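Below: the structure, in structure tokens.
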Amino acid sequence: MTVTWEEVGWERIADGVGRVRLPGWDCTVGLVVGDGAALLVDAGSSRAEGARLRTRARELAGSPVTLLALTHAHFDHVFGAAEFPEAEVFAAAGACVVLGDERGRAELRADAVRHGLDARAAEEAAAALVRPGREVADRLAVPLGGGREALLADVGPGHTAHDLAVVVPGGRPVVFCGDLVEESGEPQAGPDAVPSRWPAALDRLLELGGQDALYVPGHGAVVDAAFVRAQRDALAARFGVSR
């Protein structure tokens, strides 16, 4: 049985495209519904959150999530991924270094606990963390059925060394930006960020989406191209990057 976006507390962005802002860290999870296929963008901050997302996504799509795109390897975006065993998992090239490596998992677990995730939940999620089956080195068009497709693009480095964007073409394209763009606060640059190349990553996002696209940040409200350009300029000034 399918339901409407509003009935389950999700935000409809375009026809067959929506997202939810999760409690706690205000992290975005997106959903793109095709004909017999459903693409989830990011998976939440714990296995329990991933399980709730799986249920909601199935209600919205009328079928299980078949594709999962992880925008970057931070716990609040990937720790629910094990709850989507039917899905083919995508990430930017090189992300397996973090997601499939014992040291990388340990660092994600520690970071989750530092940010307030229950230690047992963090341990459980890190132990079950999914290694992406496909890494995207440039761009990859993923068919979703019914004439719909999504474009996965390796646009980093920037927020991390391995940043993936998801573009849904349409009359007004939708771009899921991961944490390359943040609206509800200043973009966060942790130890795995590549500040000198972050502004260029936003240039690539703008090239992919164009002037009329809707840009969905990893945290915060949906924004337009002008916001992304302004954030690009602010990051360049903050990190001393010239054009």
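The values are calculated or read from the model by the stated rules, or taken from the named source; none is laboratory data. Everything numeric here is computed off the predicted structure, so don't read it as measured data. Glycine gets a Cβ as well: all are built from the backbone with ideal geometry, and neighbour counts include every protein chain shown. To get the accessible areas, we keep the full protein, side chains included, count just its heavy atoms, and leave off ligands, DNA and RNA. Shrake-Rupley method; radii C 1.70, N 1.55, O 1.52, S 1.80 Å.
Table for the structure above
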read-out: Length gained when the stretch Phe227-Ala128 is fully extended (0.36 nm per residue, less Cα-Cα span); value: 32.0 nm
read-out: Phi-based couplings in Hz for the range 183-192 (Karplus 6.51, -1.76, 1.60; Gly and Pro marked x); value: 10, 8, x, 5, x, 8, 10, x, x, 9
read-out: Alpha-carbon centroid distance for the pair the range 3-80 / the range 142-219, whole angstrom; value: 16
read-out: Inter-site label distance for Val241 and Ala141 at 7 Å from Cα along Cβ, in nm; value: 2.9
read-out: GNM result for the chain, Cα springs below 10 Å: residue of Pro199, Pro64, Pro143 fluctuating most strongly; value: Pro143
read-out: For Ala92, residues with placed amide H under 5 Å, excluding near neighbours; value: Val136, Leu164
read-out: Simple label model, 7 Å out from Cα along Cβ direction - Ala48 to Glu86, nm; value: 2.5
read-out: For Arg131, solvent-accessible area (1.4 Å; no DNA, RNA or ligand), Å²; value: 140
read-out: Rounded accessible area per residue of the chain, 1.4 Å, Å²; value: 42
